[in-house]
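Read-outs throughout are calculated quantities, based only on the coordinates presented, and are distinct from any laboratory measurement. Just so you know, these numbers come straight off a predicted model, no measurement behind them. We place every Cβ from the backbone using ideal geometry, glycine too, and count neighbours over all the protein chains shown.
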Amino acid sequence: MRPNKFLSILVSALLLSGIAGAKSTDRQQPMDITADNMDSLLTDTSESSIAGNVIISQGTLKIEADKAVVTRVKGDITKVTLLGSAARLQQTNDNGDTMRASANEIVYYLGNDQIHLNGGVVIDQARGSMRGESIRYDIQSGRLTGGNNGTRLQMRILPKSTEKN
């Protein structure tokens, strides 16, 4: 598989699988990836790294990270990890609302559609925000969970009448 095609599959698999009601037309947009370097082994079972000022954009999706690591097992991408101080992503949904998230580590487990955000997690959406050290997001159910590691979570839920100031 050519490196450009591999990177497109990587990022599409990572972040366009339904995070926070992503804009439905983003997947049809061209994907642009820039980084200082890449180290990929294009075998069926491998880890590939994209590092140094990683910037990925596709439609309304914008990602910034120090490093992205892609894990493949038997030809399938099983996990994608974004690392940084902090790794950041934002995306607009079909209603025009923007979701912004940042954490020192953002891990997407493709097998069970789970995203784990660890270290200084901040999630801001139109109807509120969430902060903590460890937050998990289940893409299928939309459930956010966190706070099980002895740290406290902070949430703010805005009244419906003030969600778009």
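Numerical summary
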| quantity | calculated |
| --- | --- |
| Anchor K67: aspartates and glutamates whose Cα lies under 13 Å away (excluding residues fewer than 8 positions away in-chain) | D36, D39, E47, E105 |
| Amide H contacts of T78 (H built 1.01 Å from N, under 5 Å, at least 5 apart or other chain) | T71, R72, V73 |
| Debye equation applied to the C-alpha atoms of the stretch 17-123, log10 I(q)/I(0) at 0.10 Å⁻¹ | -0.28 |
| Residues of the stretch 53-74 with amide N under 12 Å of the 7 Å Cα→Cβ point at Q140 | none |
